[in-house]
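This report concerns only the one structure given below.
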2 protein chains.
Amino acid sequence: MIPSNWYNIVPDLPAPPPPPLHPGTRRPVGPDDLAPLFPMELIGQEVSGERYVPIPQEVLDVYRLWRPTPLIRAHRLERALGTPARIYYKYEGGSPAGSHKPNTAVPQAYYNAREGAAAHHRDRRRSVGVGAGVRLRPVRPGVPDLDGTGLVRPEALPPLPHAGVRRHRARQPLPVTGAGSKILAGDPDSPGSLGIAISEAVEVAGATPDARYALGSVLNHVLLHQTVIGEEALAQLPEMPDLVIGCTGGGSNFAGLAFPFLREKLAGRIRTVFRAVEPAACPTFTRGAYAYDFGDTAGFTPLLKMHTLGHSFVPDPIHAGGLRYHGMSPLLSHLYELGLFEAVTRAQNECFEAGVRFARTEGIVPAPEPTHALAETIAEALRCRESGEEKVILTALCGHGHFDLGAYDRYLAGELEDYTLPQDRIDQALSELP
Amino acid sequence: MIPSNWYNIVPDLPAPPPPPLHPGTRRPVGPDDLAPLFPMELIGQEVSGERYVPIPQEVLDVYRLWRPTPLIRAHRLERALGTPARIYYKYEGGSPAGSHKPNTAVPQAYYNAREGAAAHHRDRRRSVGVGAGVRLRPVRPGVPDLDGTGLVRPEALPPLPHAGVRRHRARQPLPVTGAGSKILAGDPDSPGSLGIAISEAVEVAGATPDARYALGSVLNHVLLHQTVIGEEALAQLPEMPDLVIGCTGGGSNFAGLAFPFLREKLAGRIRTVFRAVEPAACPTFTRGAYAYDFGDTAGFTPLLKMHTLGHSFVPDPIHAGGLRYHGMSPLLSHLYELGLFEAVTRAQNECFEAGVRFARTEGIVPAPEPTHALAETIAEALRCRESGEEKVILTALCGHGHFDLGAYDRYLAGELEDYTLPQDRIDQALSELP
């Protein structure tokens, strides 16, 4: 069944995560600094020291649309690989948006509505959402929409609908924000990024009376909401995993699955190893710095201590748009520094190869983001074939790839790029850290 | 839980359905006539007199990927409509294909594999599937694929991906079949149809050694497999419906939901009314003849007694591609003649309006096909608002609209056509009945 609480890992950690800082004073930001952007209940969750946060009944009533999500043993994939490993995946693709994003979009909408933003107004342009595939209000013609890839001009988006919903919603010509204009002035062919999208969303939220900003990943309260994934998996699994694997962009998918298992590990009840997989084109944990940086490209947010490639870094346009973020969840970054999980990278073509392999054996076409976790899962299962080890692997299948068939098409036609990321691009962006 | 049997309505009917006829002899076709196209187990199911057919364990093991599917009360839609009606929907969009089609694709693949077609061969081109969104084997570059809309030339397909998967799969230039060539010679701009797609698939299956043909709707065994939908709904509902509403193209979605409830009604245990909804552009029940006709455009199939607009009728290119079929399930047609359900039509724009209304209240973007049922459901709920009647309505939400965002885009931009269907087009096609 659906858990009745979200799990907050912070009080179980051996050390607290470093606080966000005001970019001017470099002192910790307080609730008042965040109030223009978020409702108080979410600000409270952001800094909460409680291990469990009750899920409101109204949110549970919506979760019931797609939760609990299935936990599936990948029997056919195991057989195809000839591995003694036992592979389980937690599938979030049956949600209305086809991904794990509604797990946090729904409570964010709920708290915003309860505190008066976005509700009780005829003008619905009150909460501005951004992220991979979910927005907090329905599309209406004539209402300017922000686009999750940033740079909200339809002509700036890739010809293939790798961004799915987002491209659809950007069909009508939209005003480019001040931040967007500046970026386009510097690079008219900018492929956009999550960092740019955050700048544009924060700018619009700030310029719209009573508007709030809703984030799809990165912050503590978003990761908190996603822990329903891991709590369910913990109850569904017939055996505890030796290894938990998830992809990381802003970190909410991996954290959502891993945190409840990390709680069990920190309490000494299991010995699971955790592994984050990031794209070779955006290797935040593996090649970034652990430093205070802006959460967005234009520098509108507080400074966050996190693994970052530098806020001015714009990742190459791989199809896994949800992983194209220069930074990383500060909480996950803190856990990484504490040695609580490993991180590896995978390149675009090997990820799509894993996605096709998975689709042909398990029947589900995965989104490009979780193919990173699948590529690592398959590699681990093949290592087990060599060693004979009967490892139990749990992986996060955070969304379907029905919006990404154009990307699969390009992969199958041999047209997909494997970008290399020269060190000087990283060095350049890191030299601009605040 | 998942039912352990499929339900066959035939033995519960007051009269048996008329048999398929050989087009040359006009005598009933026997198993030998069908053996080149279908495995024996499916032929047996096609003519079975047993009320229940056990679902093989291997099929149940795959059904578990997405079944049981949720049965959801549309509280928010009810509130938005201000109706005293209670609306329930059975949602099949969480399946790997995003629709109800895998309910039959999986058992068809299973029986084909067990009888040697499609399995144990290095050349996988053994089972040729057609239908709305599901094919029986994975895409491989270099292997010619049939397209569910017929006329398998990528340039013949609409610019917006209303056909989703299908358009994707037709990206590589494909040979047009003999049947397709003939149709294109008569109308180079033919929009295709399910009848054309069946002709092309049967032609390819016939020309490929050991190939079999897999159908997505129309025939008895397909409807049989879909009864898992209704059996689950029957067990999940807290109250029996006064009205069951489903869209009909070939009929499998409506039959899958309705048949188990019809069993209860035929046994005198409930008094439910059943209503099929078809597109105004393809009004088979409401404006077609009940006559023997070919199941496909080119005349390759046996003659089926069914409601038909004439096998030469090509529906206008509405976005609900799964409803663009000139004929109708012979079994459902028989039930319609027995007076067991009603049929109505809905036009394209009112269906998309219902789809948007549903998405804005229930959070799920529906496929264009089930928006026909939603338009009728909403109209009925508004009638209840007038009358004060607390009617219990159950509707089939057979798939998500993630492949159809382009169509929604066109609707929201006011660009969507509402075709009118002149009577002389129907008269012309019906004059060519065999």
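The values are calculated or read from the model by the stated rules, or taken from the named source; none is laboratory data. Predicted, not measured: the structure shown is a model, and the values here were computed from it. Please note: Cβ atoms are built from the backbone with ideal geometry, for glycine as well, and neighbour counts cover all protein chains shown.
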### Summary
Of (1) surrounded by 15 or more Cβ atoms within 10 Å (Cβ to Cβ); (2) more than 23 Å from B:V47 (Cβ to Cβ), B:P188 fails just (1)
### Message
Need a quick list: strands (runs of 3 or more DSSP E) entirely within the stretch A:253-349 having at least 3 residues that are closer than 15 Å to A:A429 by Cα and aromatic (F, W, Y).
### Response
A:289-294
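So, B:Y89, is that one in a strand (DSSP E or B), within 13 Å of another protein chain (Cβ to nearest Cβ) and modelled with pLDDT of 50 or more or not? If you could, list the steps in order and put the result at the bottom.
On the way: in a strand (DSSP E or B): yes; within 13 Å of another protein chain (Cβ to nearest Cβ): yes; modelled with pLDDT of 50 or more: yes.
Yes.
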## Note on the structure
A:P279 meets each of (1) touching a residue at least 40 places away in the same chain (Cβ under 8 Å); (2) closer than 11 Å to A:M328 by Cβ with one exception, condition (2)
### Message
Against the conditions (1) within 14 Å of another protein chain (Cβ to nearest Cβ); (2) exposed (fewer than 15 other Cβ atoms within 10 Å of the Cβ), where does B:P36 fall short? Just the number, please.
### Response
(1)
### Task
Would you point out which residue out of A:V222, A:V244 is in a strand (DSSP E or B) and at pLDDT 95 or above?
A:V244
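For A:I229, state whether it is in contact (Cβ under 8 Å) with a residue 40 or more places away in the chain, in contact with a helix residue (DSSP H, G or I) (Cβ under 7 Å, 6 or more places away or on another chain) and part of a helix (DSSP H, G or I). Explain how you work it out, then say what you get.
Working: in contact (Cβ under 8 Å) with a residue 40 or more places away in the chain: yes; in contact with a helix residue (DSSP H, G or I) (Cβ under 7 Å, 6 or more places away or on another chain): yes; part of a helix (DSSP H, G or I): yes.
Yes.
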## Note on the structure
Of the candidates A:A367, A:A291, A:A281, the one satisfying the condition of being buried (at least 19 other Cβ atoms within 10 Å of the Cβ), at negative phi, in contact with a Lys or Arg (Cβ under 8 Å, 6 or more places away or on another chain) and not aromatic (F, W, Y) is A:A281
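Matching residues to (1) assigned to a loop (DSSP other than H, G, I, E, B); (2) modelled with pLDDT of 95 or more; (3) touching a Pro at 6+ places or on another chain (Cβ under 9 Å):
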{"residue": "A:F352", "(1), (2), (3)": "no, yes, yes"}
{"residue": "A:T377", "(1), (2), (3)": "no, yes, no"}
{"residue": "A:A396", "(1), (2), (3)": "no, yes, yes"}
{"residue": "A:L433", "(1), (2), (3)": "yes, yes, no"}
### Message
If I go through the stretch B:1-32 residue by residue, how many of them are surrounded by 15 or more Cβ atoms within 10 Å (Cβ to Cβ) and farther than 29 Å from B:W66 by Cβ?
### Response
8
### Task
Among the numbered conditions (1) of a type in the set (A, V, I, L, M, F, W, C); (2) in contact with a helix residue (DSSP H, G or I) (Cβ under 7 Å, 6 or more places away or on another chain); (3) within 22 Å of A:G230 (Cα to Cα), tell me where A:A407 comes up short.
(3)
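Could you tell me how many of the residues in the stretch A:48-59 are hydrophobic (A, V, I, L, M, F, W, C) and modelled with pLDDT of 95 or more?
Of the residues in the stretch A:48-59, the ones hydrophobic (A, V, I, L, M, F, W, C) are A:53, A:55, A:59.
This time we only want the ones that are modelled with pLDDT of 95 or more, so: A:53, A:55.
Residues flagged as hydrophobic (A, V, I, L, M, F, W, C) and modelled with pLDDT of 95 or more within the stretch A:48-59 amount to 2.
Filter the stretch A:357-369 down to the residues that are within 14 Å of another protein chain (Cβ to nearest Cβ) and closer than 20 Å to A:Y419 by Cβ and list them by number.
Narrowing the stretch A:357-369 to residues within 14 Å of another protein chain (Cβ to nearest Cβ): A:357-367.
Residue satisfying the conditions is A:A367 alone.
Inspect all residues belonging to the stretch B:96-111 and state whether any of them is assigned to a loop (DSSP other than H, G, I, E, B), over 19 Å from the mean Cα position of the chain (by Cα) and either within 13 Å of another protein chain (Cβ to nearest Cβ) or basic (K, R) (or both). Walk me through how you get there before you give the answer.
Residues of the stretch B:96-111 assigned to a loop (DSSP other than H, G, I, E, B): B:96-98, B:100-101.
Narrowing the set further to residues that are over 19 Å from the mean Cα position of the chain (by Cα) leaves none.
So far as the stretch B:96-111 goes, no, none of its residues is assigned to a loop (DSSP other than H, G, I, E, B), over 19 Å from the mean Cα position of the chain (by Cα) and either within 13 Å of another protein chain (Cβ to nearest Cβ) or basic (K, R) (or both).
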### Summary
So, first residue within 14 Å of chain A (Cβ to nearest Cβ) and touching a residue at least 60 places away in the same chain (Cβ under 8 Å) in the stretch B:375-401, second residue of a type in the set (G, A, S) and buried (at least 23 other Cβ atoms within 10 Å of the Cβ), Cβ within less than 7 Å, six or more apart or across chains; the pairs are B:L397/B:G93; B:G399/B:G93; B:G399/B:G98; B:G399/B:S99; B:G399/B:A367; B:H400/B:G93; B:H400/B:G98; B:H400/B:A367
### Message
Please go through the stretch A:327-353 and give me each residue that is crowded, with 23+ Cβ neighbours inside 10 Å, within 27 Å of A:E415 (Cβ to Cβ), among the hydrophobic types (A, V, I, L, M, F, W, C) and away from chain B (no Cβ under 14 Å), ordered by number.
### Response
A:C351
### Query
Which of the residues that make up the stretch B:305-317 are touching a helix residue (DSSP H, G or I) at 6+ places or on another chain (Cβ under 6 Å) and either surrounded by fewer than 24 Cβ atoms within 10 Å (Cβ to Cβ) or free of Cβ contacts under 8 Å to residues at least 12 places away in the same chain (or both)?
B:K305, B:S312
### Query
Taking the stretch A:1-41 only, how many residues are in contact with a Phe, Trp or Tyr (Cβ under 9 Å, 6 or more places away or on another chain) and free of Cβ contacts under 8 Å to residues at least 12 places away in the same chain?
0
## Note on the structure
Taking the stretch A:410-427 and the residues there that are outside any loop (DSSP other than H, G, I, E, B) and over 25 Å from the mean Cα position of the chain (by Cα), the one that is nearest to the other protein chains (Cβ to nearest Cβ) would be A:L412
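Within the stretch B:359-367, does at least one residue satisfy the condition of being over 21 Å from the mean Cα position of the chain (by Cα), at pLDDT below 95 and either farther than 29 Å from B:R67 by Cα or part of a loop (DSSP other than H, G, I, E, B) (or both)? Outline the logic, then answer.
Residues of the stretch B:359-367 that are over 21 Å from the mean Cα position of the chain (by Cα), as a first pass: B:359-363.
If we keep only those that are at pLDDT below 95 as well, we get B:359-363.
Restricting the remaining residues to those that are either farther than 29 Å from B:R67 by Cα or part of a loop (DSSP other than H, G, I, E, B) (or both) gives B:363.
Yes.
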### Task
Give the residue, chosen from B:G30, B:G44, that is away from chain A (no Cβ under 13 Å) and more than 24 Å from the chain's Cα centre (by Cα).
B:G30
## Note on the structure
Here the residues within the stretch A:52-69 that are without any contact (Cβ under 8 Å) to a residue 40 or more places away in the chain and outside any helix (DSSP H, G or I) are A:L65, A:W66
### Query
What residue, among those in the stretch A:73-86 that are surrounded by fewer than 21 Cβ atoms within 10 Å (Cβ to Cβ) and of a type in the set (G, A, S), is nearest to the other protein chains (Cβ to nearest Cβ)?
A:A80
